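Computed from the coordinates by the stated procedures, all read-outs in this text should not be read as laboratory data. Just so you know, these numbers come straight off a predicted model, no measurement behind them. Note that each Cβ is placed from the backbone with ideal geometry, even for glycine, and that neighbours are counted across all protein chains shown.
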Amino acid sequence: MAKKVIVIGSGFSGLATASCLAQGGFDVTVLEKNDAPGGRARKFEAEGFTFDMGPSWYWMPDVFEDYFNRFGKKTADYYDLVRLDPSYRIFFGKKDEMNVPAGVEALCQMFEQVEPGSSKKLRNFLSEAKYKYEVGMGEFVRKPSLSLWEFADLRILASMFRLQMFSSLSSHVRSLFTNKKLIELLEFPVLFLGATPENTPAMYSLMNYADMALGTWYPMGGMTKIIEGMVSLAMELGVKIRLGEEVKQIYAPNGHATKVVTTKGQYAADVVVGGADYHHVEQNLLDEPQRQYTKKYWDKRVMAPSSLLFYLGVNKRLKGLLHHNLFFDKNFKQHAVEIYESPAWPTNPLFYVCAPSVTDASVAPEGCENLFVLIPWPPTCKIQRSFVRNISIS
Ligand SMILES: Cc1cc2nc3c(=O)[nH]c(=O)nc-3n(C[C@H](O)[C@H](O)[C@H](O)COP(=O)(O)OP(=O)(O)OC[C@H]3O[C@@H](n4cnc5c(N)ncnc54)[C@H](O)[C@@H]3O)c2cc1C
């Protein structure tokens, strides 16, 4: 009889795990506390608008393609991808904007115009970044990370220096380019990783390769289309998905199969996979003796930044916005200090606006704009007062 697996959570990780295990012959059930699948990538619908609640940047299309290929499928079986060109727009100030074009050739031309001589440096920078992407995604990411010994491979150790594990992305970028705007453009992708360019190893210029060489894509209908594709693949493979069912406890009575207690009942399982946040599964669902880390350990962890999000349905079309818009019109140094070093109410926050209705008419009623606004926020600072942040779009 097939072994029974319970997967907690129907985000990208839970759905991907469930499909891989079902393909391997396991009897898989996904338990999801929300009434809809997708986790942080679920959607919110109101008055004709469809908002992606979390992710909006589709980078590294090869990763998604590889995933569906494992099952003899392709992304096009589930959703239509379009490449955005320009990839995004950066606002540096009033009437001071930069459109970041798609494709390395167009980027080189833009770099050359902004800083003469920089296109050759960009090509070298991207060729190193390509190596880092191939090693990082091909070797590091695919290891289970159960032990440091997994990385004790001469080829990987030798590559540590070429990967620039020991210098910062900020100093790497600044050693090649002097123009402030080009520096900000090259430093921005690592902000997705939750740290500042000064505190991120130069290895992560692999993110620049993802941005500039592999491109910014969009699944028509919204990011939620990826989740819909993953759900339908999982169901084709026989995975059972139970929505609106929260796991409350995982325990293993002596000599008996593991039990998973939920808001609706109880399951016996041979294997339980936590696809929800590690901290939550370990500290809230497991009994103390089964936990790997103590509360004290978790209390000392440095949290990645949080964010303040707005889902705005606007009753007219807006001029001056592209699909992705980064507002770097204030000093990032101060915002970074207020997020990372001395968490505080951001004085003059930088922010990001996604306007998917610029590309996709299906996410807003006719003549309206769908806006998603994200302000990076210190994880410990509660939203408790109103604030005004003026912006100008030419
Ligand atoms: C605002 C925001 C913007 C982002 N932007 C991007 C982007 O542009 N591009 C990008 O690539 N990534 C982006 N990310 C990151 C990306 O969304 C996440 O890495 C990804 O969605 C995480 O998937 P996951 O499956 O690991 O976790 P989750 O999506 O959190 O899934 C965990 C699931 O477990 C469920 N769950 C939790 N506890 C229980 C329980 N006890 N019982 C049952 N179910 C439970 C939750 O409801 C949830 O559905 C963004 C994230 C956020 C929050």
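How would you classify the chain from its alpha-carbon gyration tensor, with a ≥ b ≥ c the square roots of the eigenvalues: rounded for a/c under 1.5, else prolate if a/b is greater than b/c, otherwise oblate?
prolate
Taking neighbour Cβ counts within 10 Å as the exposure measure, how do 32, 128, 150 sort from fewest upward?
150, 128, 32
Dipole of the chain (Lys/Arg Cβ +1, Asp/Glu Cβ -1, origin at the Cα centre): which of 186, 109, 284 lies farthest to the positive side?
The Cα lying farthest towards the positive end belongs to 284.
For the stretch 254-394, what does the relative contact order come out to in percent, with C-alpha contacts under 8 Å and a separation of six or more?
Once normalised by length, the contact order is 25 percent.
At a 10 Å Cβ-Cβ cut-off, how would you order 298, 149, fewest neighbours first?
Ordered by Cβ neighbours within 10 Å, fewest first: 149, 298.
Run the reach check for residue 295 against lysines, Cα to Cα strictly under 27 Å, same-chain hits fewer than 8 apart removed. What comes back?
Answer for residue 295, where 27 Å is the Cα cut-off: 33, 248, 259, 382, listed by chain and number.
Would you work out if the stretch 103-214 is rounded, prolate or oblate? Take a ≥ b ≥ c from the square roots of the eigenvalues of the alpha-carbon gyration tensor; rounded if a/c is under 1.5, else prolate when a/b is larger than b/c, oblate otherwise.
Prolate, since a/c reaches 1.5 and a/b exceeds b/c.
Could you list, in their original order, any pairs among 94/180; 94/316; 143/225; 143/333; 95/316 whose Cα atoms are separated by more than 24 Å?
143/225; 143/333
I want the local charge near residue 313. Using Cβ-Cβ distances under 15 Å, sum +1 for each Lys or Arg and -1 for each Asp or Glu among the other residues.
-3
From the Cα gyration tensor of the stretch 303-377, with a ≥ b ≥ c the square roots of its eigenvalues, which class applies: rounded if a/c is under 1.5, or else prolate if a/b is larger than b/c, or else oblate?
In terms of gyration-tensor shape, prolate.
Nearest-5 percent of antiparallel DSSP beta bridges in the chain?
70
Using alpha-carbon positions, what is the distance between the centroids of the stretch 294-348 and the stretch 67-98, in Å?
Computed from Cα coordinates, the inter-centre distance equals 22 Å.
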